[in-house]
Amino acid sequence: MDFKDIKELIRVFDKSELNKLKVKEGEFEISMQRGFEGVVTTVSAAPAVAAPVAAVSAPVATVNVASTETATTAKSGDMINSPMVGTFYSSPSPESPAFVNVGDTVKKGQTLCILEAMKIMNEVEAEFDCKILEILVKDGSPVEYDMPIFVVEKL
């Protein structure tokens, strides 16, 4: 696989709705995965091909990782993580108020958000009494399994 083919493969993957792609051709192998850290591209190849490939994969990862800097920054407090892959919604409908806001105190069993997965709306409930310190995900954003979505203080 030549440099031009690799560039085209990355461009097509970036525009597609695929979450993972792995291509192996002889000694050459390229894996791409889309997740909460953006597009991550790993490449391994024979030494003669490695230098040009690294130049292509580095900019792709750098551009997308910057957009998720907030989600990956170290936070203080307990985390509530996403129980599934889906789309995060802070309210039951666009014109409704959010289930919770920063500073709110919530009781065990209270709805925190909705995660849409395969056109099914799943309510995420608090597993313990807590105070919302930070909401790490924007409304309408995709979330991955076990991705932190709230920073909380247990009460």
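The numbers here are math on the coordinates, done by the rules we state, and not lab data. The shown structure was predicted, so the numbers you read here are calculated from the model rather than taken from an experiment. FYI the Cβ positions are ideal-geometry reconstructions off the backbone, even for glycines, and counts take in every protein chain you see.
Below is a table of values for the structure above.
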quantity: Proximal aspartates and glutamates to Lys131, defined as alpha-carbon separation beneath 17 angstrom and excluding residues fewer than eight positions away on the same chain; calculated: Asp78, Asp104, Glu153
quantity: Burial ranking of peptide ranges 16-25, 77-86 (average Cβ count within 10 Å, highest at the top); calculated: 77-86, 16-25
quantity: Computed magnitude of the charge dipole of the range 75-154 (debye, nearest 20; Cβ of K, R +1, Cβ of D, E -1); calculated: 60
quantity: Net charge, Val12 excluded, C-beta distance under 15 Å - Lys, Arg +1, Asp, Glu -1; calculated: +3
